[in-house]
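Notes follow the structure.
The values are calculated or read from the model by the stated rules, or taken from the named source; none is laboratory data. Everything numeric in this text was worked out from a predicted model, so none of it was measured. Virtual Cβ from ideal backbone geometry, glycine too; neighbours counted across all protein chains shown. Protein only, heavy atoms only, side chains kept; ligands, DNA and RNA dropped before computing areas. Shrake-Rupley method; radii C 1.70, N 1.55, O 1.52, S 1.80 Å.
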Amino acid sequence: MPEPIEVRKVPIKHVSDASGLADLIEAGVIEADRVIAVIGKTEGNGGVNDYTRIIADRAFREVLAETGSRSAADVKQVPIVWSGGTDGVISPHATIFATTGAESTEQTDEPRLTVGFAMSEPLYPEDIGRVAMVSKVAAAVKDAMQQAGIDDPAEVHYVQTKTPLLTIHTIRDAKARGKTVWTEETHQSMDLSNGCTALGIAVALGEIDMPTDEDVMHRRDLYSSVASCSSGVELDQAQVVVVGNARGVGGRYRVGHAVMRDALDQDGIWSAIRDAGLELPERPHWTDLDGRLVNVFLKCEASSDGAVHGRRNAMLDDSDVHWHRQIKACVGGVAAAVTGDPAVFVSVSAAHQGPEGGGPVAAIVDLGEPPTGYQPPEH
């Protein structure tokens, strides 16, 4: 049986700030050696050359190394997934997952939060966008489920991944070995890596059958409702964090999920919060959350028809500001308005993640007393 989970969200005050993690450790809320995953937003451009992810990664790993007893090699293996770009009102932050001892945790037979993680086999440049990547990701998801103690795929509510994208260097490497790559456009490879990874998650959870190479990025009716996939230059494997519920784990936290049907679908966010176990009025307001929402995790995508709610927009034709940044700011504003908290995890490039023009939503709530979630200041 996996151990209970403590999960907290902390602000990032500047690009190399990990004081929120250090404060939790110093206060005894979590132990450095028990931190098993971090998922956060950094303030860079979210692109191929977004080095704020590397800076934040180093800062958080330094705190874990300095305050715990794990070796540098062991700390390096802790899954830390950074999504770059806090466009609009999105606030830089990190959500920290740590195990706790059963003796200090509320015992219950109700489903409670559990987390598992795994690393895939190495992903080569020629794998990205092809069935080879789908298969390797699917295998890693199943490994992470097993570690989390989840047997039923229906109890998986959120799968966060980080995978490699293509760079000029890796494209040249593939060519030197006589291999081909799906695309030579490095920015496009972000969407490609994310979408192919999502298909691997969907296969592992039985949401779809194994796709073909031709389906990748083309069959948008094939998707996962729980995938949240990011890519970058930091690694050459799929880093997989599975978040779900299991009975007998104990603790005070629970996760749920739903999908946003389009960029303005507030009800999709509320549905995820309800699915996590919070009772809410028919037409809820952020004040009804009362500090019980730890965080929401969303993926978003500009609809290929160039419209939202039947109204035309110009995101996909804009040559000045890439649509990645525009849709992220839009959905971030919607999520912040729903939750009352701008520190929401909103990530772009949602190919094969939720329905076309929408995206998956996961919500983690605190069912204990007193609640530990964010309480916005009174106006």
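Here are a few things to note about the model shown:
- Criterion violated by Asn49 - all others in (1) in contact with a helix residue (DSSP H, G or I) (Cβ under 9 Å, 6 or more places away or on another chain); (2) open to solvent by 20 Å² or more (accessible area, probe 1.4 Å); (3) farther than 19 Å from Gln160 by Cβ; (4) not hydrophobic (A, V, I, L, M, F, W, C) satisfied: (1)
- From the options Val259, Val249, Val203, residue that is part of a strand (DSSP E or B) and surrounded by 15 or more Cβ atoms within 10 Å (Cβ to Cβ): Val259
- Pick from region 1-37, criterion under 13 Å from Pro92 (Cβ atoms) and among the β-branched types (Val, Ile, Thr), ranking: modelled with the lowest pLDDT: Val15
- Restricting region 52-71 to residues that are β-branched (Val, Ile, Thr) and closer than 15 Å to Glu31 by Cβ, the residue that is surrounded by the fewest Cβ atoms within 10 Å (Cβ to Cβ): Thr67
- Number of positions in region 132-188 that are open to solvent by 30 Å² or more (accessible area, probe 1.4 Å), outside any loop (DSSP other than H, G, I, E, B) and not charged (D, E, K, R): 12
- Ala37 under 17 Å from the mean Cα position of the chain (by Cα) and of a type in the set (Gly, Ala, Ser): yes
- Residue in region 250-266 that is hydroxyl-bearing (Ser, Thr, Tyr) and under 26 Å from Asp87 (Cα atoms) present: no
- Number of positions in region 65-81 that are over 22 Å from Phe345 (Cα atoms) and either hydrophobic (A, V, I, L, M, F, W, C) or touching a His at 6+ places or on another chain (Cβ under 8 Å) (or both): 4
- Inside region 117-131, residues that are open to solvent by less than 20 Å² (accessible area, probe 1.4 Å) and in a helix (DSSP H, G or I) make up a count of 2.
- Any hit, region 308-322, residues being in contact (Cβ under 8 Å) with a residue 24 or more places away in the chain and among the aliphatic types (A, V, I, L, M): yes
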